[in-house]
Amino acid sequence: MATDVKAPPLREFPGAPQALVPGAMAESRPYVATDKMQQALGFPGELTDGWQGRAIGRMGELLEKYRSLKVYLDACVHCGACADKCHYFIGTQDPLNMPVARQDLMRSVYRRYFTLPGKLFPKLVGARDLTKEVLDQWYTYYNQCSECRRCSVFCPYGIDTAEVTMAAREIMDVVGLGQKYSNEIIGKVHRIGNNLGLPGPALADTLEGLAEDTKEETGADVRFPLDEKGAEVLLITPSADFFAEPHVDSLIGYAKVLHAAGISWTLSSHASEAANFGLFIGNYEQMRKVALRIREAALDLGVKRVVVGECGHAWRVAYSYWNTLTGIGAGGDDPFARMLQQQLDSRYRQPTHICELTWDLIQRGALTFDKDANDHRTVTFHDSCNVARASRMGDTPGGQFEIPRSIIRAVANRYVEMAPGTTREETFCCGGGGGLLTDDILDLRVKGALPRMEALQQVVDREGVNFMATICAICKAQFSKVLPFYGFKMGMVGGVHQLVSTAIRLGPKH
Ligand code: SF4
Ligand code: SF4
């Protein structure tokens, strides 16, 4: 544990911060991408002469392309309803982490260059030139937003700060001020196929080891197939599932479910990553390029279904964008998208979330569980932002909340909800989403986790909760890191399919 990073005290009555601390996080910013990382994505390597004009030009293009952005920048009435809703503001007390203040960093520049009053009387309307100082402030505070969208739930106009953050990051990228963590990862996916830079042979070895371990545990020949042509299902899962703890336990759970149901499936070494950091940097072209590897793998392997593992923002990209980006789902209209739409089985939802698949099998009685096997756990569920507020599951509204909970109740006897106002559409971000899961800004991550940690402490104290399930690779990694700062065990967090894996019965040893 980093010794210079300290968690704020858990409060008896969580809510808005008691005091403001202006400038508290002014020095907290992630490392800037190197010129090599920038250029690998087609961005300039650094700020060069004329950057200001290019930034304003890009802002103009985004305002044209995304009408929502213009509406968000025009519509705010500064009512303050969003002010205390951001976990980073609650945890850091820095007023520039209030969502409205974060938006104003861009709104002030928008007014200066795109509105008449801002051009004529800038001071009167709070308009600012885009100076290097302002750009640096953007870099700091637009990299303290996890694009979680919680603030938008409380805004009477539905203003989505995440969209403003994405636009700011896009503008910074195109003038040469990219963020190292996200851009380095996107480059690895383009080169190798996953965030970790794990090559195909290493992945094959890892999967072989998992098959051996699972055989030893269950006695069953549960397979972890890679690049198998003709499989029914292509599983696209975050690369952390291949070896990180606790992620790998969910991968074992998916494999057991697919084995028990007799569904042939495969992973792909070409598309060995569900995460798509193109979303985080607000760049459609990068998002598309990352997603196209999945289409290439699906076409090459001839699969009938594409299933997505436990990853929050990956599910948002799959649910909301894959149709037009790749043709997985209706909407894509290029020749390869049409080819894939012909190939995929239209009787199934395309794409399918692994929780939808598992819940469907449970409802049809296709899986056998021993719920008592999870009796050492009292479980709560952390809704992940991008699943909760940016996607759906199943056929009914709220399916993204009900389906994971229904699975947990089917495989575990003890389930407890955290406080209302901290779950479902009002869930708090883990503190590490949106491209912020880097130790350069561990202080921010620890402080941003405060509201979730307070809600967790309540159910630990009152109900004896000792396991927080979630369906997001970033949440799992973030909580594993920050739980100890708040006095919890890092092993308290795990996947929904980790619980499934514990309870499912298969093979002679069961
Ligand atoms: S989107 Fe989330 S992180 Fe960003 S300002 Fe809103 S509440 Fe804060
Ligand atoms: S709630 Fe909406 S309108 Fe009110 S200050 Fe926040 S962004 Fe502006």
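Brief remarks follow.
- Taking the inverse of the mean reciprocal distance over all distinct Cα pairs, the Kirkwood hydrodynamic radius of the range 438-500 comes to 12.1 Å.
- All lysines inside 25 Å of Lys215 as judged from Cα atoms, apart from same-chain residues fewer than 8 positions distant: Lys229, Lys256, Lys371, Lys509
- Radius of gyration (Cα atoms) of the range 66-218, expressed as a multiple of 2.2 N^0.38 Å: 1.41.
- Exposed-site-free run, longest, the chain (rule: GluC sites (Glu not before Pro); DSSP loop; at most 10 other C-beta within 10 Å): 28-510
- Cα Rg, Dmax (largest Cα-Cα span) when computed across the range 298-431, Å: 16.7, 52
- Using only alpha carbons, the range 363-510 has a radius of gyration to Kirkwood radius ratio (Rg to Rh) of 0.98.
- Its Cα gyration tensor gives the range 197-285 an equivalent ellipsoid. The semi-axes, each the square root of 5 times an eigenvalue, are 24, 14, 12 Å from largest down.
- Share of pairwise Cα-Cα distances greater than 44 Å in the chain is 13 percent (whole percent).
- Whole-angstrom gap from the range 248-295 to the range 1-49, using each part's C-alpha centre: 28
- The chain - percent relative contact order, Cα under 8 Å, separation 6 or more: 19
- Cα principal axis extents for the range 338-408, largest first, Å: 49, 30, 18
- Only Cα pairs under 8 Å and 6+ residues apart enter the sum, and on that basis the relative contact order of the range 43-173 stands at 28 percent.
- Ranked list, fewest to most other Cβ atoms within 10 Å of each Cβ, for Cys151, Cys311: Cys151, Cys311
- Compactness relative to 2.2 N^0.38 Å, alpha carbon Rg of the range 233-326: 1.06
- Over the range 440-495, relative contact order from alpha-carbon pairs under 8 Å, at least 6 apart, %: 36
- Of the residues Asp300, Asp160, the one with the fewest other Cβ atoms within 10 Å heads the list, and the complete ranking is Asp300, Asp160.
- Subset of Lys70/Lys188; Lys447/Lys476; Lys304/Lys476 violating a 22 Å alpha-carbon distance limit: Lys70/Lys188; Lys304/Lys476
- The alpha-carbon of Lys132 sits under 16 angstrom from the alpha-carbons of these aspartates and glutamates, leaving out residues fewer than 8 places away in its chain: Glu27, Glu46, Asp49, Asp173.
- Here Lys132, Lys70 are placed in order of increasing Cβ neighbour count within 10 Å, fewest first, which gives Lys132, Lys70.
No lab work stands behind these numbers, since they all come straight from the coordinates. Being a predicted model, the structure only gives us computed values, none of them experimental. Cβ: placed from backbone, ideal geometry, glycine included. Neighbour counts: every protein chain shown.
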